[in-house]
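> I'd like to ask you about the structure that follows.
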Amino acid sequence: MSIDLPPAGGPVGGHYGDSEAHPEAGIDDEGKGLSLWRGAWQRLRRNPSAIAGALIVLTFVVIAIAAPLLAPYEPGSAQWSGEVTPTDVPGPDKDHLLGLDRFGSDLYTQLLFGARQSLVYGVVSTAIGLVVGAFLGILSGGIGGWVDTAVMRVVDIMLSIPSLLLAVSVAAVLGQNAYSVMIAIGAAQVPIFARLLRGSMLAQARSDYVLAANALGIRRQRIVFGHILPNALGPTIVQATLNLATAIIEVAALSFLGLGESDPAIAEWGRMLVAAQDRFDAAPRLALLPGAAIAITALGFTLFGEALREALDPRTRR
Amino acid sequence: MSIKTSRTRSLVTAVLATTALVLSACAESAREGNGGEGGSGGSTTFVFAGSAEPGALDPVFVSDGESFRVARQIFEGLVGTVPGTADPAPLLAEDWTVSEDGLTYDFNLKTGVKFHDGTDFNAEAVCANFERWYNLPESAQSDDLAYYYSVIFRGFATGPRTDAALYDSCTANGEDKVTIVLTAPFAGFISAMSLPAFSMQSPTALEKFQDDAAPDPRTTEYSTAQPTGTGPFTLGSWERGKQVTLEANPDYWGEKAMIDEAIVVAIEDPKARATALQNGEIDGFDLVGPADIEPLKEAGFQIVNREPFNVLYLGMNQKTEPLDDLKVRQAIAYAIDKQEVADASLPAGTKLASIFMPDTVNGYTEDVETYDYDPAMAEQLLEEAGAAGATIEFNYPTDISRPYMPSPEDTFNVIRSQLEAVGLKIKPVADVWDPDYLDKIQGTPNHGIHLLGWTGDYNDADNFLGVFFGAETMEWGFTNEELFSDLAAAKGIPTPEEQQPVYEQINKDVMEFLPGVPLAHPVPSLAFAENVKGYQQSPVQDEVWNVVTVE
Amino acid sequence: MLRFVLRRLALMVPVLVGLSILLFAWLRALPGDPARSMLGQRATPDGIARINEAYGFDEPLVQQYFSYVRALLSGDFGSSIKTGRPVFDSFVEQFPATIELAVTALTLAVVIGVPLGYLAATHQGRLLDTFVISGSLLGVVTPVFFLAILLKLVFADWLTWLPTSLRQDPRIDATHPTNFYILDGLMTREWDAVWNAGLHLILPAIALGTIPLAIIVRITRASVSEVLHEDYVRTAESKGLSRRTVSRRHVLRNALLPVVTTIGLQAGLLFSGAVLTETVFAFNGIGNYLFEAISSRDYPVLQGYILFIAIIYALINLLVDVAYGLIDPRVRVS
């Protein structure tokens, strides 16, 4: 389920001042790269939605990493299961900031540790997608010929079914555990990165500096790793950020479908959402909080990713 | 908003293309002329929601409750049940006698009964049915098809278990007397005949529409559109994915249905069933989720509790250490507070269990070792066994709700925290119910303690104890020759009266041996709208709707 | 034009063949003996032998693949383990339900999204714009099933105006020649059936259509905004054409190109969204059945349905390309 968009023609957020010129830092060792990034940074700093996104992402990451320190209790302990009945799930009180969940664990603790799960799943699966996809894309674009055709056919096949179903099929083969989820979602992201890197390879292959480098006799590998990849870095990071948002949602979706980690001691927002359904009358917060957490986290990554894309896109200079 | 007087071609094209795709799919124009009947006004309809679609309409080839729910309305067997209990009562057979050796059963049949296709129900038809089952081709004998015949009668005319076959012969004596001869005594025979799988089906209709040798006999015309029995309802239609429509049988021999039509829909989620009831879309449903019972009652709906005929237990696999040590098993039993388990995860009114069968079954006794909640004792026993702080795998199923186990995750969590409170370390292992969990628990030795249960099919202790402990199984992982032979012997006792003390003793022995901890007999419930009256619940789900009225 | 279509069709074939190989391999790659995983608890030696024979699991792999393809081409997509019902039959029966739902959701998304995006683009920076941007952003990141659950629970418990399960009230005795409930009702003039089916469509369509709506709003807005700033628009404006005329003639036509492409991409979203939405609302379409097949590991159904979905997805993308080609001639010759 990609929520990705083609490059936007207008600002995502409100207006931002564009009056300061973007310094073309004269010629230096890094050549083109530096001013692009510095320019991007400056624009990001002034973009409210970028700031909002970054803040959310930062908060999420901090919570995820520091969960054991922030949480008052152990996750998934179900210590207070005696207080929970089918029609009553105790709400917030002095011992439990957000009350209990239906299994008798502290809801606040579960939410905090759920962030950790989402971060891990999201980062790992996106990383898998990125590494494998980039590898295929570079191979494809770099070598060309039948390798290119073959790889692109495989990518087409993977894209011929909706990514969620692809993830489901992979997860079904690998069994019901954490690894299968990460590999499955990673697999669904491979085509996106493959196409991106291949496109980047192809586009740059014709650019002046590459032709020049070739003419100068610089080895292909050096060109790829020294020039093409760094230039592809920007769009790749943008894509990875946006895909992270999708990954977080897809992890929850797979939990909803009953695939993926099933151990209730390991808190995961998607599963918390599923488990909250039949207690909705008694305790709507059990569903609302994890769902909101998923949405807000995905929002943060999306905002930041899009702002980043815009900041790196030379076309938005007006 | 500026009105665009003409949409751009692109949008129109796209929309048209999609519409074309849609319209091209309905190549068949409306075959039916005018619309159907108005639905309301004049005829009464009873709409009931089950949890899944039936597998098939021929009860010989299915074993799921939803198929049986429909089968109970259309078919009847020789034996029925006393309303509200699991005890056998006359149905198509008015009475019967058993020979001393327990091998010969003489039935006197009801006269004047006709199948829905107009043919007579008589002794010849009875024998036609028994012979049909016995002679099912090998392709139909596997457990995912003729499950109940396989389990009760143990063997067929052909196939690997011919020698074990319980059925010997069937003789029709005139129109209304029939004699069945078995190869070995089976005290539960009469009770077993009340199962829907042994309903009397019209031989003529079977001949015409059924094909037992088909690659999948559940998809034949008989099994999907032409089930023909003697019951108070006939099949109106089965619209797959929508509903089963039953029509009242005007020629029924007994108490004719007071409703004109019954519709059975499938709604998987218990909460969605409750909502549909509250919205008035259905008149009743089965398997009420524990969280919905109170809210429905408060909103003025009727909750009908079924007399529990089940048991929920914590099984223990003695192939996995340290569960092979009796002290450890006892410790686990002492660590569990059954009342807390019931309060936190089972419906109100659930009875706690002291043995592996409910109190309505022949051979029930409470004079057994009970292991009442005593965490100190549990810790002590663990110390003695050298298993304090041991790690135990705890298997439980997800995404499932059974009548005996409405929310396994909740039950699991309560027990887990109780076991951890006495120092055990629990490693949770969750699996999807079907096929993973069942396969793992019953097909492999790779599991520790697990949650499972069983709803009885008919009133026979062997249907509980024999199923669980009759032989070595992967589920329990033990070999106890004495127990096995005791159960085998008990099974062969000719009458229930003689069986009773034997089973009582077996229950005592089982609780000494403690292969698992029986937890509770949860109360499954149904819910109905206020204007539905007369629904008769049955612990074995022998619920026929001819007595239901919808005001 | 025809050549364009044929060329695209030809490209589809290797992809589908590749997919069929993958799906075939997938079924064999599943943990455990395929016959055993199919039968689960009921696995007995006779049962396993029966499955092995029926599915040919004891034959060499290549031969199995070709039997599989031969079966596919003759319309045999396998049968459900649970019910024995042919996958083809159940798909054909349930597909109209999902189409009805998807078309409703997409129509909602387009009919609301395009004007909204256009308005936001033409009123950039104003309150409406901010509102639209934030709203659509939220729509994009809210998981489908979260929204579906929320809608269901809110309308089930608190606001009981709308039904939250099934496609139609069981009491309504309607005939369904095509299984498109709305269409059927219209054809047989059973107006109460049409109304009832429509009511049942509302909540699932809202849940399913929200993400496409949000995406369409954003794309329309971005696209219109971009075009508005293009030189030729400014030229037209400076020539004195009123803004409205400029809009109608130039902006919309060009701005809607990305929207049309998106509609095609939405198909994938709609299918996966359908799996998640239909389950929540007990809406009997392919999504619901697919979900059950996943839960009960009914692999032949999974395999068959995924292949079906891929075929349809490819066809839809082809249609979109054709539509795109009709609008923008440049595409046809590329």
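The values are calculated or read from the model by the stated rules, or taken from the named source; none is laboratory data. Since the structure is predicted, the reported quantities are computational estimates derived from the model, not experimental observations. A quick note on method: Cβ atoms are made from the backbone with ideal geometry, for glycine too, and the neighbour counts reach across all protein chains shown. Each accessible area value is taken on the protein alone, full model and side chains, heavy atoms only, with ligands, DNA and RNA left out. Shrake-Rupley method; radii C 1.70, N 1.55, O 1.52, S 1.80 Å.
> Of the cross-linked pairs B:LYS351/B:LYS508; B:LYS242/C:LYS82; B:LYS319/B:LYS427; B:LYS208/B:LYS256; B:LYS491/C:LYS82, which ones have a Cα-Cα span greater than 22 Å in the structure shown?
Too far apart for the 22 Å limit: B:LYS208/B:LYS256; B:LYS491/C:LYS82.
> Report the extension gain between B:VAL151 and B:GLN380 in nm, rounded to one decimal, defined as 0.36 nm multiplied by the number of residues separating them, less their alpha carbon distance.
Working it through step by step, the gained length comes to 78.2 nm.
> Moving on. Can you compute the helix-only [θ] at 222 nm over chain A? Use -39500 (n - 2.57) per DSSP H run of at least 4 residues, normalise by all residues, nearest 500 deg cm²/dmol.
Estimated from H runs of four or more residues: -22000 deg cm²/dmol.
> Could you go through segment B:241-251 in sequence order and give the Karplus-derived ³J(HN,Hα) for each residue, using 6.51 cos²θ - 1.76 cosθ + 1.60 with θ = phi - 60°, rounded to whole Hz, and x for Gly and Pro?
x, 10, 6, 9, 10, 10, 10, 4, 8, x, 9
> Also, I was wondering about something else. Please report the Cα spread of the protein assembly as shown along all three principal axes, rounded to whole Å, starting with the longest.
109, 78, 62
> Would you mind getting me the FRET efficiency between B:GLU221 and A:PHE135? Use the beta-carbon distance for r and R0 = 60 Å, nearest 0.05. Kindly include the intermediate steps, with their values, before the conclusion.
Numbers: r = 56 Å, r/R0 = 0.93.
The computed FRET efficiency comes out at 0.60.
> May I ask you to derive the FRET efficiency for C:LEU9 and C:SER74 from their Cβ-Cβ distance with R0 = 22 Å, giving the value to the nearest 0.05?
Taking R0 as 22 Å, the efficiency between C:LEU9 and C:SER74 is 0.55.
> Can you give the Kirkwood hydrodynamic radius for chain B, in Å, rounded to one decimal and based on Cα pairs?
Value: 25.7 Å, from the Cα pair sum.
> List the lysines whose alpha-carbon lies under 23 Å from that of C:LYS239, not counting same-chain residues fewer than 8 positions away?
B:LYS4
> If I stretch the segment between B:ALA488 and B:THR549 completely, what's the gain in nm (0.36 nm per residue apart, minus their alpha carbon distance), one decimal?
17.4 nm is the gain from fully extending B:ALA488 to B:THR549.
> Next up: Under 19 Å between alpha carbons, and skipping anything fewer than 8 positions from B:LYS177 in its own chain: which lysines qualify?
B:LYS110, B:LYS114
> Right, here's the next one. Any idea how far apart C:VAL17 and B:ASP260 come out in nm if each label point goes 7 Å out from Cα toward Cβ?
That separation, rounded to one decimal, is 5.9 nm.
> Kindly write out, for segment C:136-153 in residue order, the coupling ³J(HN,Hα) from the Karplus curve 6.51 cos²θ - 1.76 cosθ + 1.60 (θ = phi - 60°), rounded to whole Hz, with x marking Gly and Pro.
So the J values, rounded to whole Hz, are 5, 4, 4, x, 5, 8, 7, x, 3, 6, 5, 4, 4, 4, 4, 4, 4, 5.
> Now for a different question. Please compute how much accessible surface disappears when A pairs with B, both sides summed, using a 1.4 Å probe, and round it to the nearest 100 Å².
1700
> State the percentage of accessible surface on chain A attributable to carbon and sulfur atoms; use a 1.4 Å probe and exclude ligands, DNA and RNA.
66
> Using amide H atoms built 1.01 Å from N in the peptide plane, name the residues 5+ places from B:LEU424, or on other chains, whose amide H lies under 5 Å from its own.
The list, which skips near neighbours in sequence, is B:GLY389.
> Tell me the per residue accessible area of chain B using a 1.4 Å probe; a whole number in Å² is fine.
Ligands and nucleic acids excluded, the figure is 37 Å² per residue.
> Let me ask something additional. Roughly how big is chain A's charge dipole about its Cα centre, with Cβ charges of +1 (Lys, Arg) and -1 (Asp, Glu), in debye to the nearest 20?
1200
> Now a separate question. Can you tell me the FRET efficiency between B:LEU352 and C:GLU230 if r is taken as the Cβ-Cβ distance and R0 is 45 Å, rounded to the nearest 0.05?
The formula returns an efficiency of 0.05 here.
> In terms of modelled amide H atoms, which long-range or inter-chain residues lie less than 5 Å from the amide H of B:GLY453?
B:TYR313
> Using 0.36 nm per residue, how much length does the chain from B:MET474 to B:ASN305 gain when fully extended, once their Cα-Cα distance is taken away?
Stretched fully, the B:MET474-B:ASN305 segment lengthens by 57.5 nm.
> Next up: With the full set of protein chains in place, find how many percent of the accessible area of segment C:74-208 is carbon and sulfur; take the probe as 1.4 Å.
About 70 percent, which is the carbon plus sulfur part of the accessible surface.
> For segment B:115-264, what mean projected area does the convex hull of the alpha carbons give, in nm²?
Mean projected area of the Cα convex hull: 9.8 nm².
> Something else: Would you be so kind as to identify which of B:SER199, B:VAL544, B:PHE48 lies farthest towards the positive end of the dipole of chain B, taking Lys and Arg as +1 and Asp and Glu as -1 on Cβ and the Cα centre as origin?
It is B:PHE48.
> Please list 3J(HN,Hα) in residue order for segment C:164-177, calculated via the Karplus relation 6.51 cos²θ - 1.76 cosθ + 1.60 where θ = phi - 60°; whole Hz, with x for glycine and proline.
Listing the rounded values in order: 10, 8, 6, 9, 7, 4, x, 6, 6, 8, 10, 8, 10, x Hz.
> What helices does chain A hold that run 15 Å or longer along their axis, going by alpha-carbon atoms, with a Kyte-Doolittle average of -1.0 or more, using DSSP H for the helix calls?
Once both thresholds are applied, what remains is A:33-46, A:48-70, A:107-143, A:145-159, A:163-174, A:178-205, A:229-256, A:285-312.
> Using protein heavy atoms only (no ligands, DNA or RNA), what is the total accessible area buried between B and C, 1.4 Å probe, nearest 100 Å²?
Buried: approximately 5700 Å² between C and B.
> Using only the Cα atoms of segment B:417-540, what do you get for the radius of gyration and for Dmax, in Å?
Over segment B:417-540's Cα set, Rg and Dmax evaluate to 18.3, 55 Å.
> Next question, about the same structure. So which residues of segment B:48-83 lose at least 20 Å² of accessible area, probe 1.4 Å, when you go from the chain by itself to every protein chain present?
B:GLY55, B:SER63
> Mind checking which of B:TYR503, B:VAL151, A:ILE223 is farthest towards the positive end of the protein assembly as shown's charge dipole, using Cβ charges of +1 (Lys, Arg) and -1 (Asp, Glu) about the Cα centre?
Final value for the positive-end residue is A:ILE223.
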